[in-house]
Every structure is written in C-alpha cells, then in structure tokens.
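Asks: I'd like to ask some things about the structure below.
Each reported figure results from applying straightforward, stated rules to the coordinates on display, with no laboratory input. From a predicted model like this one, the values you see are computed outputs, not experimental measurements. Every residue, glycine as well, gets a Cβ built from its backbone with ideal geometry; the counts of neighbours run over all protein chains shown.
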Ligand SMILES: O=C(O)/C=C/c1cccc(O)c1O
Ligand SMILES: [Fe+2]
C-alpha cells in the first residue's frame, strides 16, 4: 500500500483577513507545491484526520474519535457544502481494525464536517469529491480530552489496517499549530452558549454569520496586537514540527493536556490530527519529510504550517533504483 502524507494548518480567516501580500503569496506557493506533491502521488483514497468546531460534534454526543461512513460538509465560512465521496467499506474496515486494536473509534453514518475537514481538501483537490475519502474526527476542543497519545494509538491502528489495502493512500492531518481562536469552552460558557455547544447543530444562516463575524473581528483585533487571545508560539510550533519530522511522536503526545494549552493555546490540541497522521504514515516503517513550511500568521490566528512526507525508501528499493 503506497502511502504519502500532507499535514497542514487550516484557518477560515484565509481570504477574509489576509496578511501582507508577500506572505499570502508565500503560503499560496507552499500550498500549490503540496497540491503538486499530491497530484504526483495520485492517491486513490484520502484518509483525513481533522477536528470539528461545534458544527458536526456537540456535547449532546461527543466521542473522542469518530470515523464517517457517510459525511456532509456544512459549508461554514463560505466553503463548499454537500456530501463527501466517502468509501464506506474502508470506513467500516478502519473501524473494525481500530476497535480490535483497542482504540474505541465511534462510527457515524451521517457525519457533519466543517472547515477543519473541508479547507485542506480545497487546498489539495479541485473538489470535495475528486478522490474518495474516509473522514476521521478527532475531538480537539470539547473537554474533557483524553491523553494526546491516544491519537497516536488511533493513527497506528488505522495505518496497520490500511497496510492491507492495495491502493495509493494519502493521509491528511488538519489543524494547529499553536493558536487560540475564540472557540467557546463549556466550563466557562453562559447558558445560551452552553445550549449552542450542546444542541446548536444546523444553525440558521444568520446565526452562522454572527458567529463567523465574531471570529473575523477577533482575528482583526489579534493581528492588531490585542491580547484577548493567547499569543502564537513559534518556538513550540518548531519543537512540534521537529519532533514529528524525527518520528519522536512521544516527545509531543507524551505531554500533559495542560502543556498543550499553556504552550500553544486551547486549539493547540488540533496537533492531535498531525500526531495521528504521522502515526499512520509510520505504522509501516520509518518516514522522511519532503517539505516543511512554517510561519506565524496572526491575521489567520494560526501558527501556520504545511508539511509533506513519504516512507523512507527501503534498502531493497534503493538497490533496485541504483541498477
Ligand atoms: O470558527 C471557529 O470555530 C474556528 C475558527 C478558527 C480560526 C483560526 C484557526 C482555526 O484552526 C480555526 O478553527
Ligand atoms: Fe481549527
């Protein structure tokens, strides 16, 4: 099973509160190169690990992990809406493999996904249905959260099941790195917000516009130097990137949940999607990073990174290539 990885930040502020033109151009060049990397690999399936932001997963039922056997994009922040082309048989195979491996992966026949899943697909493909996908939700916002190492165990179980698949698989991780966008927390939420975090699925267009307007306003203030949100943390981001590139996932996922928040802000837990993606890539052997981009972009409320990686060539394949 040929496999390749792309892990990338997402931010719904892209195109809405852009940084200086040269910074935006640099990111566009990086994402264009990632798109070329994917086109060269020509995946037959995309397994995407991503968070949700109280659009598809709320406190009425909040699993740590959930694989979608069918999924629909909600169309937040003006992103595409509608059904994804989910490979249902593979979704069930991945669920069975994870459960047999001791990872309690929930399954949904009606998953709703937001910008966390959709935006990276728009970075890399012409449409949401260009390539069959299997979406795997990782809870990165709704406390309580389990230890980050559970994301590695999930990724390893998924990788071992995929290894038996005779298809070119792109594994995609979406989120991070350090960032603290104004995503509400139930423990601090006033009653009307707590109600939305529990029963607020399918908001009206007006409600969605109000929420997205608040996020945009927070981004403008943050980029202007306001201190209402925790600062981005480039040093922590580079530590995370280095550890994942070195295959030392434990250096990150062995840390406490408080460490993630103290170092990277409340949404730094989105790094769990990167941990799962690299664990999937590494489930069948060592890997090597092909490209790595990082830049703190306060206008997008994101320590923004995009990385591509592939399995390390085996001695046999190197010997064969040398003939
Ligand atoms: O609207 C939301 O819930 C989240 C917005 C956001 C902003 C910046 C970076 C991210 O990863 C986000 O999800
Ligand atoms: Fe996010």
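Asks: So if I check each of 177, 154, which one is crowded, with 22+ Cβ neighbours inside 10 Å, closer than 20 Å to residue 63 by Cα and either away from ligand 1 (no atom under 16 Å from the Cβ) or under 16 Å from the mean Cα position of the chain (by Cα) (or both)?
Replies: 154
Asks: Got at least one residue in the range 135-143 being over 16 Å from the mean Cα position of the chain (by Cα), away from ligand 2 (no atom under 14 Å from the Cβ) and either outside any loop (DSSP other than H, G, I, E, B) or surrounded by fewer than 24 Cβ atoms within 10 Å (Cβ to Cβ) (or both)?
Replies: Among the residues of the range 135-143, at least one is over 16 Å from the mean Cα position of the chain (by Cα), away from ligand 2 (no atom under 14 Å from the Cβ) and either outside any loop (DSSP other than H, G, I, E, B) or surrounded by fewer than 24 Cβ atoms within 10 Å (Cβ to Cβ) (or both), which makes the answer yes.
Matching residues to (1) assigned to a helix (DSSP H, G or I); (2) on the phi > 0 side of the Ramachandran plot:
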| position | (1), (2) |
| --- | --- |
| 267 | yes, no |
| 271 | yes, no |
| 275 | yes, no |
| 281 | yes, no |
| 285 | no, yes |
| 299 | yes, no |
| 303 | no, no |
| 308 | no, no |
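Asks: Name every residue in the range 221-242 that is over 19 Å from residue 173 (Cβ atoms) and either free of Cβ contacts under 8 Å to residues at least 60 places away in the same chain or exposed (fewer than 15 other Cβ atoms within 10 Å of the Cβ) (or both), in order of residue number.
Replies: 221, 224, 225, 226, 227, 228, 230, 231, 234, 235 - these are the residues of the range 221-242 that are over 19 Å from residue 173 (Cβ atoms) and either free of Cβ contacts under 8 Å to residues at least 60 places away in the same chain or exposed (fewer than 15 other Cβ atoms within 10 Å of the Cβ) (or both).
Asks: Now, a different point. Any chance the range 137-151 includes a residue that's touching a strand residue (DSSP E or B) at 6+ places or on another chain (Cβ under 6 Å), within 16 Å of ligand 1 (Cβ to nearest atom) and within 16 Å of residue 35 (Cα to Cα)?
Replies: no
Asks: Which residue pairs have Cβ atoms under 6 Å apart, sit 6 or more places apart or on different chains, and have a first residue in the range 262-285 that is without any contact (Cβ under 8 Å) to a residue 24 or more places away in the chain and under 20 Å from residue 235 (Cα atoms) and a second that is assigned to a loop (DSSP other than H, G, I, E, B) and within 16 Å of ligand 1 (Cβ to nearest atom)?
Replies: Within 6 Å, no pair qualifies.
Asks: Right, another one. Does residue 19 satisfy the condition of being buried (at least 16 other Cβ atoms within 10 Å of the Cβ), part of a loop (DSSP other than H, G, I, E, B), more than 16 Å from ligand 2 (Cβ to nearest atom) and in contact (Cβ under 8 Å) with a residue 60 or more places away in the chain?
Replies: The answer is yes for residue 19.
Yes/no per residue for (1) crowded, with 21+ Cβ neighbours inside 10 Å; (2) outside any strand (DSSP E or B); (3) more than 16 Å from ligand 2 (Cβ to nearest atom):
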| residue | (1), (2), (3) |
| --- | --- |
| 34 | yes, yes, yes |
| 37 | no, yes, yes |
| 55 | yes, yes, no |
| 63 | no, yes, yes |
| 66 | yes, no, yes |
| 89 | no, yes, yes |
| 104 | no, yes, yes |
